[in-house]
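Undergrad: First the structure, then my questions, so here it is.
The values are calculated or read from the model by the stated rules, or taken from the named source; none is laboratory data. All values derive from a computational prediction rather than experimental measurement. No Cβ is skipped: glycine too gets one built from the backbone with ideal geometry, and neighbour counts run over all protein chains shown. Remember, those area values only see protein heavy atoms, side chains included, never the ligands or the DNA or RNA. Shrake-Rupley method; radii C 1.70, N 1.55, O 1.52, S 1.80 Å.
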Amino acid sequence: MLTGEIRSQIDRIWDAFWSGGISNPLEVIEQITYLLFLKRLDEQEIAEELKANSEKKPMGKRFFPEGKDSKKRSYQDFRWNRLKNLEAREMYTVVSEHVFPWLRTLGGNGSTYAKHMDGARFTIPTAALLAKVVDMIDKVPMEDRDTKGDLYEYMLGKIATAGQNGQFRTPRHIIRLMVEMVEPKPTDVVCDPACGTCGFLVAVGESLRERHTSVLTNAKQRQHFHHELFHGFDFDNTMLRIGSMNMLLHGVENPDITYRDSLAQDHAGEEEKYTLVVANPPFAGSLDYESCAKDLQQVVKTKKTELLFLALFMRLLKPGGRAAVIVPDGVLFGSSNAHKALRRMLIEEQKLDAVISLPGGVFKPYAGVSTAILLFTKTNSGGTDHVWFYDVQADGFSLDDKRTPLLSEDKLGCIYKSKLNTDEHAKNNLPDTLARWQERETDERKRPRTAQSFCVPKADISAQGYDLSLNRYKEIIHDQVEHRPPKEILAELAKLEAEIQQGMKELEGMLG
C-alpha cells in the first residue's frame, strides 16, 4: 500500500506537470515511465556488477555501455545513481540531450519494454520539474514489488478522460472479479487483444502469485510465468510503453506486449494459441470491410467492433480455453443478423457459462454505456446447458462521475474475509457475485427468476431468439393486493351514497 505521504507527493508532481503545460495524463505517465525504466536499468546493472564481483568474472551483460556517446558524454553518467545527484540544470541537459537519444536506440536489446522506446520523446518542460520527479521516484521503495505496482496503479487512476477509438480504463475491482471467476492456472497462456495499460494481465499475474506460489518457486513454472504466459496487443504506442512498464513494475520480466491492430491483421499465427482471454475491447464504432481481417469477416459479416472482437476471441482460444470479456448491452439483444449469429455461435457451438449485467455508471466518468460480462468456454462442439445470470446493481462506488467509495477499503472489491451484511451488500454486490458463481452448478440452479441471480436452460434462450438480456428472463415480484368481493364493495358504495344524500337533506333543511 502507498502511504499518504507518497500519494500526496505524486499529487504535487501531477500539479507541477499541469502548471508546466502538460495537461494530458497519458503524457504525464509516459514521461514518468521513461524515468522508471532508466532506474530499472540501473538496478539491473548493479545486480550484474554484484554477480560478477562475487563470481570474480567479467560482467556477463551490460545495460550501460562503456565509452561515450556521440556528444562525448560517458554512458555511465546516464545511470540513475549518478543522475539523481546532479544539479537540476545539468540533470536536465544530460537527460534531454544524451539519455533520450540513447534510449531510442535500445530496441535491439531484446526486452519487451525496449522494443517500445523507438518513439520516446522527452517533454518535461523545466529542470526544476525534472528534479522533482526524479526525487519523488527515488524516495519510493522500488525494491518492493507491491509498492512499485501500487505507485503505477495510483498514477493510472488519474487518467480521467476517454482515449481515442473507445479506449478507457477498466475499473480494477471489475477486472479482479473477472479474473477470479476464470481462475488462472500456472500453465495458462493468457491474451488481452486490446491490452491498453495491461490491467487484465497484471491482475492475472497477481492472482497467480497469491493462489499458486509455485509460479515463483518452480523453475519451469517461473520461466513460463516471466516469458511465455502473458500476451497483449495494442495499436497505440503510448499504451504499449505504459502497459509494458505496468507489467515490469508488477514483477513480470519479459511479457509479450506487441504492436498489433487486432481487428485488421490476419490471425493465422495466433489462431487457437491461448488458453485464457480476458479483455475489455473498444466498442465505439465500426470499421470498413476492407480494413478488417478477412478471417474475422468469415466468422461474422459486420463492421461493428464489439462483434468483431467477440469473433476474434473465439478464434484466439484453444479448445477448452476460457474467456471473460466485457461487451456493451447491445451485443446481448441486438437484432441484426450478425448479432444473432454470434449469440447463436456462443450458445450452440461453444459453451456460454454466464452473463453478468453491470450497472450503467461503472465506467464513469469515461462513459455511461450499459455493459455486461460474458464468460464462455471454447469447445467447438457446444455444451451450453444452463446460462447463469447475475444482476449487479452496485459495485461499491457511487454510480455518478465522482465514483466515490461507499464502503471502507477492506469491504470493496470481490474478495472478502467475512460476509457483508445486508446494507453492505446493497452497496457492493461483487463478493456475492463471486460466491454465487462458484455455486452455479448446485444451489444456483434452484433459485427462482425473481432472485438477483438465476440459471436459464438453453432451450429457453434459443426459444427467445438467443436474446441474452437479463430482463428477458427475470421475473418481477408484484406487490400483493387484497381483493374484496364485488358485493361487499357495492354495499359499501350504497351505504356511502345514502350517507351523502342524508347529509344533503340536512344541509337543505338548515338553509331553508
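Undergrad: HN-Hα J couplings of region 394-408 from phi, Karplus 6.51/-1.76/1.60, θ = phi - 60°, integer Hz, Gly and Pro as x?
TA: 8, 10, x, 10, 4, 9, 9, 5, 7, 6, 6, x, 9, 9, 5
Undergrad: With +1 assigned to the C-beta of every Lys and Arg and -1 to the C-beta of every Asp and Glu, and no other charges, what is the dipole magnitude of region 1-152 about the Cα centre in debye, to the nearest 20? Don't skip to the end; give the middle numbers.
TA: Numbers: 24 positive and 24 negative charges, 108 e Å.
About 520 debye.
Undergrad: Place the peptides 213-221, 494-502, 226-234, 131-139 in order of packing, highest mean first, counting for every residue the other Cβ atoms within 10 Å and averaging per peptide.
TA: Ranked by mean Cβ neighbours within 10 Å, highest first: 226-234, 131-139, 213-221, 494-502.
Undergrad: Which value, in nm² and rounded to one decimal, describes the direction-averaged projected area of the C-alpha convex hull of the chain?
TA: Mean shadow area of the hull around the Cα atoms is 37.0 nm².
Undergrad: Convert each backbone phi in region 241-253 into a coupling constant with the Karplus relation 6.51 cos²θ - 1.76 cosθ + 1.60 (shift: θ = phi - 60°), then list the ³J(HN,Hα) values in order as whole Hz, x for Gly and Pro.
TA: Computed from phi, the couplings for region 241-253 are 5, 5, x, 4, 5, 4, 5, 4, 6, 9, x, 9, 6 Hz.
Undergrad: So, taking all protein chains as they sit and a 1.4 Å probe, how much accessible area belongs to residue 158, in Å² rounded to tens?
TA: 50
Undergrad: Same structure, new question: Based on Cα coordinates alone, diagonalise the gyration tensor for region 371-512, multiply each eigenvalue by 5, take square roots, and list the semi-axes in whole Å, largest first. Kindly include the intermediate steps, with their values, before the conclusion.
TA: Details: eigenvalues 556, 128, 39 Å².
Semi-axes from the Cα gyration tensor: 53, 25, 14 Å.
Undergrad: How charged is the neighbourhood of residue 351? Take every other residue with its Cβ under 11 Å from the Cβ of residue 351, and add Lys/Arg as +1 and Asp/Glu as -1.
TA: Numbers: positive: 322, 378, 458; negative: 348, 349, 353, 385.
My count for the surroundings of residue 351 gives -1.
Undergrad: Out of residues 5 or more away from residue 368 or on other chains, whose amide H comes under 5 Å of its own, with H placed 1.01 Å from N in the peptide plane?
TA: Hits under the 5 Å cutoff: none.
Undergrad: At 4 °C and 1.567 mPa s, grab the translational diffusion coefficient of region 1-115 from Stokes-Einstein with a Kirkwood Rh over Cα pairs, rounded to a whole number in µm² per second.
TA: Translational diffusion coefficient: 80 µm²/s.
Undergrad: Rg and Dmax in Å for region 383-463, alpha carbons only: what are they?
TA: Final numbers for Rg and Dmax: 14.7, 44 Å.
Undergrad: Here is a further query. Note down the accessible area of residue 441, probe 1.4 Å, to the nearest 10 Å².
TA: 110
Undergrad: Here is a follow-up. What number, rounded to the nearest 500 deg cm²/dmol, is the helix-based mean residue ellipticity at 222 nm of the chain, given -39500 (n - 2.57) per DSSP H run of at least four residues and division by all its residues?
TA: Computed mean residue ellipticity for the chain: -12500 deg cm²/dmol.
Undergrad: When the accessible area of region 290-433 is computed with all protein chains present and a 1.4 Å probe, what percentage of it is carbon and sulfur?
TA: The computed percentage sits at 50.
Undergrad: Given 10 °C and 1.306 mPa s, how large is the Stokes-Einstein diffusion coefficient of region 305-413 in µm²/s, with Rh as the Kirkwood radius over Cα pairs?
TA: Numbers: Rh = 15.2 Å.
Rounded, D is 105 µm²/s.
Undergrad: Assuming a strict under-14 Å limit between Cα atoms, what lysine pair count do you get for region 323-437 once near-sequence pairs (fewer than 8 apart, same chain) are dropped?
TA: Details: 351/378; 364/402; 411/419; 411/427; 419/427.
Here the count comes out as 5.
Undergrad: Sticking with this structure for a sec: Please calculate how many Å² of accessible area the chain carries per residue, with a 1.4 Å probe and no DNA, RNA or ligand atoms counted.
TA: 48
Undergrad: Next question. Arrange the peptides 350-356, 424-430 so that the one whose residues have, on average, the most other Cβ atoms within 10 Å appears first.
TA: 350-356, 424-430
Undergrad: Also: So how strong a dipole does the chain carry about its Cα centre when Lys and Arg Cβ are +1 and Asp and Glu Cβ are -1, to the nearest 20 debye?
TA: That gives a dipole near 1400 debye.
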